[in-house]
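Beneath this line is the structure, given in structure tokens, with notes to follow.
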Amino acid sequence: MGKVRVTIWNEYRHEVLEERIAKVYPKGIHGAIAEMLGRHMDYEIRTATLDEPEHGLTQEVLDNTDVLIWWGHMAHNEVSDEVVERVCKRVLDGMGMIFLHSGHHSKPFRKLMGTTCNVKWRENDEKERLWIVDPSHPITAGLPEYIELPKEETYGERFDIPAPDELVFISWFSGGEVFRSGCCYRRGKGRIFYFRPGHEEYPTFYREDITRVLINAVEWAKPFEYPKLTFDHVPTPYEDIPLKQRH
Ligand code: ZN
């Protein structure tokens, strides 16, 4: 396999519409993540945003994406169902996908989960501590026992998701909530990671520890050379047994 091809998709509305958010992410959240990943890894990185034709996610782009990272919030409904269908189909076919923060309410995440994906939330500059609960998981490689974010948006359980196939982080917030903040799923041949932090008001995506989580998640979710599988009617048995006569 050549270089891992990572596409970072960002709704890119808060940074354009709100000056105080533009100050935090002058190149957009996608620009910040691209820069941070690029500092450490020799990935083939591209970015795509909502207002590009087909949201920048043409079939060709998706066919050439190993892992798609998704940040969205205020405009989930503006993402066309056709593109959502295309994205989910690529996941089932082996593309890795990482949903960040408010991406829990994005159309593709809800479609892949099959539940409302509702959460409790509060914007109150509370402290978040993400505890590693599965140190055997490759997404935790090189991390300390916990990651502390001095200010983040608070999310709380119940998070209406199917039980994760693997749970990597649980967050505690200084306001009292807890949250399953690092959740792995497998759908078809694809691997999906949901990672909670990354509210647009805070510089979370410039952090080295958060970048480490994203790199580990890309490495975990990237496709490998899948075995070729057979579906549907198989007329010839695998053993030498008599074939049923047709009448
Ligand atoms: Zn938020």
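Which helices (runs of 4 or more DSSP H) does the range 34-142 wholly contain that include 1 or more residues that are among the basic types (Lys, Arg) and either free of Cβ contacts under 8 Å to residues at least 24 places away in the same chain or surrounded by 15 or more Cβ atoms within 10 Å (Cβ to Cβ) (or both)?
In the range 34-142, 81-92, 107-113 are the helices (runs of 4 or more DSSP H) which contain 1 or more residues that are among the basic types (Lys, Arg) and either free of Cβ contacts under 8 Å to residues at least 24 places away in the same chain or surrounded by 15 or more Cβ atoms within 10 Å (Cβ to Cβ) (or both).
Suppose we keep only residues that are within 16 Å of the ligand (Cβ to nearest atom) and under 19 Å from Cys88 (Cα atoms) within the range 188-233. Which one would you say is farthest from the chain's Cα centre (by Cα)?
Per the criteria, the residue is Phe195.
From the list Leu149, Leu100, which residue is of a type outside the set (Asp, Glu), more than 24 Å from Leu50 (Cβ to Cβ) and within 16 Å of the ligand (Cβ to nearest atom)?
After applying the criteria, what remains is Leu149.
Could you check, for the range 178-198, whether at least one of its residues is in a loop (DSSP other than H, G, I, E, B) and over 26 Å from Ala34 (Cα atoms)?
Looking for residues that are in a loop (DSSP other than H, G, I, E, B) and over 26 Å from Ala34 (Cα atoms), one finds at least one in the range 178-198, hence yes.
Every number in this text was worked out from the coordinates using simple rules, so none of it is lab data. Owing to the predicted nature of the structure, the values given are computational and were not obtained by experimental measurement. Every residue, glycine among them, receives a Cβ derived from its backbone with ideal geometry; neighbour counts consider all protein chains shown.
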